Structure formats: structure tokens, C-alpha cells
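**Student:** I'd like to ask you about the structure that follows.
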Amino acid sequence: MKILLLGATSPIARALAMRFAERGARIHAAARDAAEASKIAADIATRSGADALWGTFDAADFASHRDFLERAIRELGGLDGVLLCFGTLGDEARALIDPGEALSLVNQNYAGAVSILTLAARHLEQQGRGFIVVLGSVAGVRGRARNYVYGSAKGALHLFTQGLRARLSRRGVHVMTVILGTVDTRMTWGREGTLLTVAPERAAASIFRAWEKKRDVVYVPWFWRPIMGVIRIIPERLFKRTNF
């Protein structure tokens, strides 16, 4: 398999890429930081024995996406799958009052994904096979007062991925949405909900198993599905008084 990894600096992305590389997949690791992307590709290659390439990718630089994707496909020698793992919590407090920060969060968590996935989906659709795995968030299941800008971007991403799945399922392409709970990474360190965190390696293992089973939507860790099921049915008049 030839796989494009977007957001390679994420610990979950690296752990997930290793799962595929250990089974012989060729990985193209892409991130904004070229030096980090290069190190990650070298580490994947060393530990797995598989081919690993690297490139620079900026989710918010929409104009560069077509050239980036075409170059990555040439270097990989084709494209079988996309692992979309990028995203940022940003400055949540500032995003509530600063339109610039709010739009930056939307671009980095949603608009950038729409841009690159639209291009990648067309390629996979035309060849009639492949897969896309998109990392979403439980924050996108219901709007919360403290992080609704980030949550709305992830919620929109879930809907986009759902529609993409419906379209591509008729063309031999599998699209899986991962609804992530709190994962123990640098991005979430010191934030609320630490009792429900999961290590990146365990999260990656769950995601990989779900991909093998061709699941459409998977909650990681699994217990977030019933938790969010309860949260979704709380009446709005009560929910807006909570601290969820």
C-alpha cells in the first residue's frame, strides 16, 4: 500500500503510520515542519523496515494543496490511502472573542481538510479503490460553551466525512470517521478530562483494528460512544447550564 499521512507530527499519526508500515505500506509523512517530517519518516523507516518519504504540508495554505498532492502521489508511485490526522485546539479563549483566531481554527481543523480531501477523494474515486481515515473529535458531537469554535469545525468535518463516505462507497473507496476522546498528547496536556485519556499507541491500535473491519464510524476510546450518547439527548434548556 502507498499511504499519505497528513499531520505526521501528531503522536497518534506516528503510531498509526507504524501499524501500516509494519505491514509493508509505503508512507509519505507530511507536516508543516519539514525538519520534523523528515525525522518522523526516518524513524518509521528504521523501525519498520518499510519505505518512508516526507514532505511539507500546511492545511491552511489551500493554494498549495493540489501541487502537494500531485507531488506526493508521484513520489509514492500511486495512492491507496489517506490518513488525515492534523488539527489544533488553538487558543480557545481567544477564539471566543477574536474573529481572526476563530477563522484560523476553522481553517486548520475543517477548511484545510475539505480542500485536501476533495482532491484526494477525486483521485481515489477515479481509480476505483482506496481508503480515507479522518480523525475527528468528541468536541464535534455537541456544542459546548467553552470550545464551540473548535467543536464546530470538528462537527462540520464529521458531516463532510459522512457525505464523502456515502459518495465514495459506490466507487470502491472506504471512508472511516474516528471520533477521538482525550488522547494523552502535548496538545491536551494539562487540560480537563485527564481521567479519560488514552495513550496514542492504544488509540492507534483501536483505529487500525476498526479500519481492518471497515468500520464507518468508531469512537476511540470506545467508552466515549455511550458518554456522548447521553450528552446528545440532554435537553438544550438543561445542557446550556452544564459545565460539560
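**Student:** Which residue, of Leu124, Leu119, is farther than 12 Å from Leu168 by Cβ, more than 14 Å from the chain's Cα centre (by Cα), modelled with pLDDT of 95 or more and in a helix (DSSP H, G or I)?
**Tutor:** Criteria check complete, one pass: Leu119.
**Student:** Determine which single condition Ala93 fails, assuming it passes every other condition in (1) of a type in the set (A, V, I, L, M, F, W, C); (2) part of a helix (DSSP H, G or I); (3) modelled with pLDDT under 95; (4) touching a helix residue (DSSP H, G or I) at 6+ places or on another chain (Cβ under 7 Å).
**Tutor:** Exception for Ala93: condition (4).
**Student:** Ok, one more. When both residues are 6+ apart or on different chains and their Cβ atoms are under 9 Å apart, which pairs have a first residue that lies in region 28-48 and is buried (at least 19 other Cβ atoms within 10 Å of the Cβ), and a second that is basic (Lys, Arg)?
**Tutor:** As it stands, the answer is His28/Lys2; Ala29/Arg14; Ile40/Arg14; Ile44/Arg14; Ser48/Arg23, since those pairs meet every condition given.
**Student:** Within region 192-244, considering only helices (runs of 4 or more DSSP H) that don't extend past its boundaries, which have at least 1 residues that are acidic (Asp, Glu) and either modelled with pLDDT of 95 or more or over 20 Å from Lys154 (Cβ atoms) (or both)?
**Tutor:** 200-212
**Student:** Examine region 45-52 for a residue that is in contact with a strand residue (DSSP E or B) (Cβ under 7 Å, 6 or more places away or on another chain), assigned to a strand (DSSP E or B), more than 22 Å from Ser115 (Cα to Cα) and not basic (Lys, Arg), and state whether such a residue exists.
**Tutor:** For region 45-52, residues in contact with a strand residue (DSSP E or B) (Cβ under 7 Å, 6 or more places away or on another chain), assigned to a strand (DSSP E or B), more than 22 Å from Ser115 (Cα to Cα) and not basic (Lys, Arg): present.
**Student:** Could you pull out the residue among Gly90, Gly100, Gly7, Gly24 that is in contact (Cβ under 8 Å) with a residue 60 or more places away in the chain and either exposed (fewer than 15 other Cβ atoms within 10 Å of the Cβ) or over 21 Å from Val133 (Cα atoms) (or both)?
**Tutor:** Only one candidate passes the filter, namely Gly90.
**Student:** Considering only region 24-38, I want to know if a residue exists there that is among the aliphatic types (A, V, I, L, M) and more than 20 Å from the chain's Cα centre (by Cα).
**Tutor:** Checking region 24-38: at least one residue is among the aliphatic types (A, V, I, L, M) and more than 20 Å from the chain's Cα centre (by Cα).
**Student:** Please determine whether any residue of region 69-79 is out of contact with any helix residue (DSSP H, G or I) (no Cβ under 9 Å at 6 or more places or on another chain), surrounded by fewer than 22 Cβ atoms within 10 Å (Cβ to Cβ), assigned to a loop (DSSP other than H, G, I, E, B) and at pLDDT 95 or above.
**Tutor:** Yes, there is a match, as at least one residue in region 69-79 is out of contact with any helix residue (DSSP H, G or I) (no Cβ under 9 Å at 6 or more places or on another chain), surrounded by fewer than 22 Cβ atoms within 10 Å (Cβ to Cβ), assigned to a loop (DSSP other than H, G, I, E, B) and at pLDDT 95 or above.
The values are calculated or read from the model by the stated rules, or taken from the named source; none is laboratory data. Since we're looking at a predicted model, the values are computed, not measured. No Cβ is skipped: glycine too gets one built from the backbone with ideal geometry, and neighbour counts run over all protein chains shown.
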